[in-house]
Amino acid sequence: MTTAIVWFRRDLRLADNPALSAAVAAHEKVLPLYIHAPGEDGEWAPGAASRWWLHHSLQGLDVSLRRHHGSLQILQILQGPTVDALRAAIEATGATAVYFNRLYEPKAIARDKAVRRALEGDGVEVASFNAALWCEPWDIATQQNEPYRVFTPFWRNLRTRIDEVAPVAEPKPMHLTTLPKTLSVDALGLLPTLDWARGFADWSPGEQGALEMLDLFADDAVGHYVEGRDIPARHGTSRLSPHLHFGEISPLQVAEGLRERVRKRKNGADIEPYLRQLGWREFGHHLLYHFPKTPKENFNPKFNAFRWEKRDAHALRRWKEGKTGIPIVDAGMRELWATGWMHNRVRMLVASLLTKNLRQHWLLGEKWFWDTLVDADLANNAMGWQWVAGSGADAAPYFRIFNPVTQSEKFDPDGTYIRRWVPELANAPGRLVHAPWEDEAFLKQSGYPRPLVDLKRSREDALTAYQSARGAPSAAGRAPEE
Ligand SMILES: Cc1cc2nc3c(=O)[nH]c(=O)nc-3n(C[C@H](O)[C@H](O)[C@H](O)COP(=O)(O)OP(=O)(O)OC[C@H]3O[C@@H](n4cnc5c(N)ncnc54)[C@H](O)[C@@H]3O)c2cc1C
């Protein structure tokens, strides 16, 4: 009778879980194990919102395992490497193999290599699998055999491969085993001590919640994704990002699930634009794997000469609290605080205000998102911030500075989104919901703050700083104001 450990990490699901399926196929017994070792992630240990999600997702996985007459076994490593916990579990169960699904963050890669070396040295079989991506970062390259730096050719290549891979079903039956002593999810202390996450209650972390979210999206929004995805007041996107981050659903399952649902519902929805967006997630992982310093360093070294403003604690606080006096930005920052999530279009606008109008370093915004997003993801977050700041791979050119007022008028024309999140402006008449400072009397009686920054002047200052960094002639004349 052989036993294998399935070491769960960010693959918190039973279906389309190749490590779990392989372990069940090759061994009589399986120990489903989660090891909490936040110290190993260094400065990118999960932030507060991610920890909230993780708590509920682990509980969800435990419930699923109980359907198979087992339960999630949990160990914690506060000091020392994860391999100590694995060795303890091996000793307690007599396991001869450890199976896991791969991660792509630099610290996780280093840790997993060390674990493999140590366990193989002990004579334990170690097997790892791809459960998170359509295509692993090292399996796709340009014709010159280089990593991609530009999204469109990356996607063109990736698109030719994704129909070939299909998800695997939940393995049944499973014979699960336990440790003599395990921790409860509560014992990990993942929930915030602040009374903050009440507004997160609309989320349903876990594999079941991910499938429900997919269903909801397939019902209608997927068919209107191209127009709907930019309207923050609508449920026009899938909101699968935290589920994907924690591996409660895989991109293979999302693609196949959508195809199947669209076929059944005969609504003729075109899922291609949505698949392409999932391609950005793959691109983020590709970049992080090949350029592991991007969460902290400019992808484009030309930006190293850029003159950021000194850290401005007052401006940062107003930005974080959603009190900049720029309505669409404040709506986004308040949505983030209240729900742990923010619409993609608004993420771009809040990031643009911080990095361009306020000229605060993108790392400051990246860190705040890291702590407050339930979908905080090292690859996507670093790519998103560097894209907006202009320092990233295939980034928006620096001179493309979003004007939050015209963006707000375009994507939230009647101010539904702003009114929802900024109650001071709930009754703002017409255009004032986008630019309340245009009517002094209204601004005063609304109690809403005056803008933190002059949008026009700060835009010009940003362009000047950019030009002096690159030593180039003025780009201002050709700056498209989106
Ligand atoms: C400054 C900034 C920071 C960001 N930080 C994160 C982050 O920490 N985690 C994160 O998952 N996404 C991040 N994004 C990307 C994007 O905003 C979110 O993935 C998206 O809003 C999630 O909502 P959704 O699931 O409804 O997206 P959908 O529109 O339904 O897209 C489906 C999936 O595709 C992927 N995706 C979509 N757009 C992008 C994108 N631009 N880049 C990478 N992947 C994408 C996500 O996995 C998403 O769940 C960031 C974007 C910006 C501009």
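The values are calculated or read from the model by the stated rules, or taken from the named source; none is laboratory data. Only a predicted model underlies this, so the values are computations on that prediction, with no experimental measurement involved. Virtual Cβ from ideal backbone geometry, glycine too; neighbours counted across all protein chains shown. Heavy atoms of the whole protein, side chains included, go into the accessibility calculation; ligands, DNA and RNA do not. Shrake-Rupley method; radii C 1.70, N 1.55, O 1.52, S 1.80 Å.
Some points to look at:
- Qualifying positions in the range 120-169 - in contact with an Asp or Glu (Cβ under 8 Å, 6 or more places away or on another chain), within 30 Å of Val24 (Cβ to Cβ) and either modelled with pLDDT under 95 or not aromatic (Phe, Trp, Tyr) (or both): Val126, Ser128, Asn130, Ala131, Ala132, Leu133, Cys135, Leu158, Ala166, Pro167, Val168, Ala169
- Tallying residues that are touching a residue at least 40 places away in the same chain (Cβ under 8 Å), part of a helix (DSSP H, G or I) and away from the ligand (no atom under 14 Å from the Cβ) within the range 294-319 yields 6.
- Test: residue in the range 206-221 that is farther than 22 Å from Arg281 by Cα, modelled with pLDDT under 95 and not assigned by TED's automatic domain parsing to the domain that holds Ala379: yes
- Any hit, the range 1-9, residues being within 24 Å of Lys172 (Cβ to Cβ) and modelled with pLDDT under 95: yes
- The number of residues in the range 206-215 being surrounded by 18 or more Cβ atoms within 10 Å (Cβ to Cβ) and either within 14 Å of the ligand (Cβ to nearest atom) or not in a loop (DSSP other than H, G, I, E, B) (or both) comes to 6.
- The residues of the range 143-173 that are of a type in the set (A, V, I, L, M, F, W, C) and either open to solvent by less than 40 Å² (accessible area, probe 1.4 Å) or out of contact with any Leu (no Cβ under 6 Å at 6 or more places or on another chain) (or both), listed by number, are Val150, Phe151, Phe154, Trp155, Leu158, Ile162, Ala166, Val168, Ala169.
- Within the range 239-293, considering residues that are part of a helix (DSSP H, G or I) and of a type in the set (Lys, Arg), the one nearest to the ligand (Cβ to nearest atom): Arg281
- Of the residues making up the range 401-436, those that are of a type in the set (Asp, Glu) and open to solvent by 10 Å² or more (accessible area, probe 1.4 Å) are Glu409, Asp414, Glu424.
- Residues in the range 174-195 that are at pLDDT 95 or above and open to solvent by 90 Å² or more (accessible area, probe 1.4 Å): His175, Pro180, Lys181, Asp186.
- Some residue of the range 419-442 being touching a residue at least 24 places away in the same chain (Cβ under 8 Å), away from the ligand (no atom under 14 Å from the Cβ) and of a type in the set (Phe, Trp, Tyr): yes
- Taken over the range 21-56, residues that are under 21 Å from Val83 (Cα atoms), of a type in the set (A, V, I, L, M, F, W, C) and touching a Ser or Thr at 6+ places or on another chain (Cβ under 6 Å) amount to 3.
- Subset of the range 1-54 [within 20 Å of the chain's Cα centre (by Cα) and more than 22 Å from Ile109 (Cα to Cα)]: Ala48, Ala49, Trp52, Trp53
- Meets criteria (among the acidic types (Asp, Glu), more than 14 Å from Phe283 (Cα to Cα) and more than 8 Å from the ligand (Cβ to nearest atom)) for Asp371: yes
- Candidates Asp439, Asp394, Asp454 - the one that is acidic (Asp, Glu) and under 30 Å from Ser241 (Cα atoms): Asp394
- Residue match in the range 189-199 (condition: more than 19 Å from the chain's Cα centre (by Cα), more than 10 Å from the ligand (Cβ to nearest atom), among the aromatic types (Phe, Trp, Tyr) and closer than 23 Å to Asp377 by Cα): yes
- Verdict on Arg359 being among the basic types (Lys, Arg), within 11 Å of the ligand (Cβ to nearest atom) and open to solvent by 10 Å² or more (accessible area, probe 1.4 Å): no
- With respect to the conditions (1) touching a strand residue (DSSP E or B) at 6+ places or on another chain (Cβ under 9 Å); (2) within 14 Å of the ligand (Cβ to nearest atom), Arg229 lacks only one, and its number is (1).
- Counted residues, the range 216-243 - those being farther than 16 Å from Arg347 by Cβ, among the aliphatic types (A, V, I, L, M) and crowded, with 18+ Cβ neighbours inside 10 Å: 3
- Residues that are open to solvent by 10 Å² or more (accessible area, probe 1.4 Å), within 14 Å of the ligand (Cβ to nearest atom) and of a type in the set (D, E, K, R), drawn from the range 321-354: Arg345, Arg347
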